[in-house]
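Taking it in order: structure first as structure tokens, then the write-up.
The values are calculated or read from the model by the stated rules, or taken from the named source; none is laboratory data. Just so we're clear, the structure is a prediction, and the values are computed from it rather than from any experiment. Note that we place each Cβ from the backbone using ideal geometry, even for glycine, and neighbour counts take in every protein chain shown. Each accessible area value is taken on the protein alone, full model and side chains, heavy atoms only, with ligands, DNA and RNA left out. Shrake-Rupley method; radii C 1.70, N 1.55, O 1.52, S 1.80 Å.
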Amino acid sequence: MRILAILPLLAIALGSLAIHVRNCNSKNAPDWRDSIFTATVLISLWTAFITELLGFFRALEFWPVLIAWMIPILVALVFTACTSCRLKMPNLPSLSFLEMFACAMIALVLLVVLVSALIAPPNNIDSLNYHLPRIVAWMQQHSLADFPTDYTMQLAMPGFLEYLGLNSMILGGGSAWAINLFGVLSLLLLALAGSSITGRLGGTRESQALTMLFIVTIPMAFGMASTFKPELLEAVWLEILAYWLLGIMMERQCGFGQLLLVASTFGLAALTHGTGYVLGMPLALMATIGLWRSVRWKSVGYILLIGLVVFVVNGAYYARNVMQFGGPFGPSPAGHISLQVVNTAFTPRILLENLLRDTASMVAGPSHIINEALGNSISYVAEKLHLNLQDPRSTQPIPGISKPYDGVAYFPNNEYRTSWPLQMFLIGLLPLCFWLGAGSQHTKMCRLYTLLPIGCLITAAAILRWQQTINHLLIPIPALFMPVAAVVISGKPFRWFRPVVALSAVIALMPFAFLYPRTLLGQQAIEEHSRIDLLVRQHSVNARTLTRLAEFMKRYDGRPIIVGLSGRTDLPPYSIESAIDSELRPRPQFIYFNATIRVPGLRQAAPTLVIANAVGHTAVLIRHSTGMVYKQIATVSSLALYAPVVAGHGPSN
């Protein structure tokens, strides 16, 4: 049943309810959002555990996965039923006009994201190239073992989001209809975590509502929430960590259970995306300071425990990389442009270069005049300080482009390069807000907290190479800034300013909401296109090409069909896999023909058919491992279909 694909989401919801019911008898019951964060971390740990365990025994199949997910669901139901506390309907508070507006806009944004996530397949290029194809490979082999491929990222990247997607697709009978919902959940969790930080900083209910509004209207977060990308979930882990660590620092106490939750969240951040190690450094420092203030010398053991938990959570992933590439984080970046993300030198000059360029990438708005003025200002500062904004030591290379940095430019239709000008404007106001509210206790607390996102920004600039798509790696930074921005603009000097900023946040989102690849409105509205159309959007091959290719494959005599993908075609792997899989029964298997990255000791069955680019390929392909010859039997647009030259095989008459 396809509906079973939402069992992981159901487990989080029921777990949150069970934990909240358990805490309702406590005198110092934590905030209800705490229950959601705790359940999310615990269910995520369970996801990593069962996925690795079942994968080790090659048991990643429907019934083992279903049984594994029924365990936390039944435990949560029994726990809730057996708890003496009964939840009461809370009295609905009276809301100010600003709160009602913020809540209405938050609900509208989340609704748009939800509908987009349900209608559109994940058509983000990274998802189609490696996030989803690795799930297809894992499903076929019923394990997380490495497999031959042409894409290094399919093997080397951390894969927690893919673990969630894998479980959902197995439970849904191979359908990917529900995996975009993890992005919707991530956006909701990110907003809730931000509002919790605001409350901990002394912010009012209005401030918490504004924080959520500022976060859900970050254009890149809005875009990521309707597709299958790990960066938004990475931001969630960092935001939850900031909330919990801020509590430890303010209360100067940390129980063992809370310590394990913090350690597990660090581990999940590392298992979700590589930027977790970089942006997690200021949080690790915050944890060290908070634990020292709480338990003094015991903090040494606590910090070692955090490191141990991080290693345990990521141990199996590290082991696979060591066996395949010789190191826990994958292959050497040499020869892999996509892996060249770390600066090759670490100097104050490079730090300043990256701070300027990162700021330029984030601040761009729809006004060409303002963008040009900002770009000229940044170039002027760089010239005066003798900085090289094209420094190859700190710039990710782009083949054929000698000067990747292109100034301050606005990209409302590019989900990798779109900026967040309204949020940057609020960040730029912070010094003025702090100065005007210098005597406030909240301001003092906010000043200390502001060091955290500033530390994340500096750490990212010091370690990560600037690239044209740097914004999608830095999405946690504006999210971490928004709680303090919402608190300080609630001070008396700025109270009149809040409605203007709230309305501006919604308006600033609109260009991206109308132009990004999964918009519900306009000429490119997703509801007006087929699923295959959406999978090939922004590529040279159209949906008709894949449909005709599938028709040729249906007439092929050999069963079962094993489809080989030769080299990098004009379409990402998952676009081909999903389109062909929807047309053929029984479902075919997919492998990489003459894969450039091989797994020692692994032998694969010979493909029944091979798909390759028609341009640049000869009429004959030869399989390197066996010498088997494949002859071209059909050409559809820019794609060609090959079959083995073996008696008894070939297209039917």
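The set of residues in region 276-299 that are touching a helix residue (DSSP H, G or I) at 6+ places or on another chain (Cβ under 9 Å) and among the hydrophobic types (A, V, I, L, M, F, W, C) comprises Val278, Leu279, Met281, Leu283, Ala284, Leu285, Met286, Ala287, Ile289, Leu291, Trp292, Val295. The residue that is modelled with the highest pLDDT, among those in region 580-607 that are among the aliphatic types (A, V, I, L, M), touching a helix residue (DSSP H, G or I) at 6+ places or on another chain (Cβ under 9 Å) and under 25 Å from Ser175 (Cα atoms), is Ile591.
Screening Leu171, Leu201, Leu210 for residues that are over 30 Å from Arg134 (Cα atoms), modelled with pLDDT of 95 or more and either over 15 Å from the mean Cα position of the chain (by Cα) or among the small types (Gly, Ala, Ser) (or both) leaves exactly one candidate, Leu210. Do we have any residue at all in region 471-478 that's open to solvent by 10 Å² or more (accessible area, probe 1.4 Å) and closer than 30 Å to Leu389 by Cβ? Yes, because at least one residue in region 471-478 is open to solvent by 10 Å² or more (accessible area, probe 1.4 Å) and closer than 30 Å to Leu389 by Cβ. Looking only at residues in region 1-55 that are open to solvent by 20 Å² or more (accessible area, probe 1.4 Å) and small (Gly, Ala, Ser), which one is modelled with the highest pLDDT? Checking each candidate, the answer is Ala13. Figure legend. Inter-residue proximity from region 453-472: first residues within 16 Å of Leu232 (Cβ to Cβ), second residues aromatic (Phe, Trp, Tyr), beta-carbon distance below 6 Å, spacing 6+ or different chains. Indicated pairs: Thr469/Tyr416; His472/Tyr416. Among the residues of region 621-639, those that are of a type in the set (A, V, I, L, M, F, W, C) and at pLDDT 90 or above comprise Leu621, Ile622, Met628, Val629. When region 329-351 is limited to residues that are part of a helix (DSSP H, G or I), in contact (Cβ under 8 Å) with a residue 60 or more places away in the chain and open to solvent by 20 Å² or more (accessible area, probe 1.4 Å), the one that is farthest from Ile427 (Cα to Cα) turns out to be Ile337.
Would you pick out the residues in region 555-579 that are more than 26 Å from the chain's Cα centre (by Cα) and either modelled with pLDDT under 90 or of a type in the set (S, T, N, Q) (or both)? Within region 555-579, Arg555, Tyr556, Asp557, Gly558, Arg559, Pro560, Ile561, Ser566, Gly567 qualify. Looking at Leu111, Leu166 in this structure, which one is within 26 Å of Leu339 (Cα to Cα) and at pLDDT 95 or above? Every option except Leu166 fails the conditions.
Condition check ((1) among the acidic types (Asp, Glu); (2) more than 23 Å from Ile475 (Cα to Cα); (3) at pLDDT below 95) across all residues:
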| position | (1), (2), (3) |
| --- | --- |
| Ser361 | no, no, yes |
| Gly365 | no, no, yes |
| Asp391 | yes, yes, yes |
| Ser402 | no, yes, yes |
| Asp406 | yes, no, yes |
| Phe411 | no, no, yes |
| Gly428 | no, no, yes |
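Within region 240-296, the set of residues being among the hydroxyl-bearing types (Ser, Thr, Tyr) and either surrounded by fewer than 23 Cβ atoms within 10 Å (Cβ to Cβ) or more than 23 Å from Tyr318 (Cβ to Cβ) (or both) comprises Tyr243, Ser264, Tyr277, Thr288, Ser294. Any residue that is open to solvent by less than 50 Å² (accessible area, probe 1.4 Å), at pLDDT 90 or above and not hydroxyl-bearing (Ser, Thr, Tyr) - is there at least one of those in region 488-496? The answer is no, given that none of the residues of region 488-496 is open to solvent by less than 50 Å² (accessible area, probe 1.4 Å), at pLDDT 90 or above and not hydroxyl-bearing (Ser, Thr, Tyr). If the condition is being surrounded by fewer than 18 Cβ atoms within 10 Å (Cβ to Cβ) and in a loop (DSSP other than H, G, I, E, B), then region 595-616 contributes Thr596, Arg598, Val599, Pro600, Gly601, Leu602, Arg603, Ala605, Ala606, Ala614, Val615, Gly616. Could you tell me whether region 367-382 includes any residue that is of a type in the set (Val, Ile, Thr), open to solvent by less than 40 Å² (accessible area, probe 1.4 Å) and under 27 Å from the mean Cα position of the chain (by Cα)? No, that holds for no residue.
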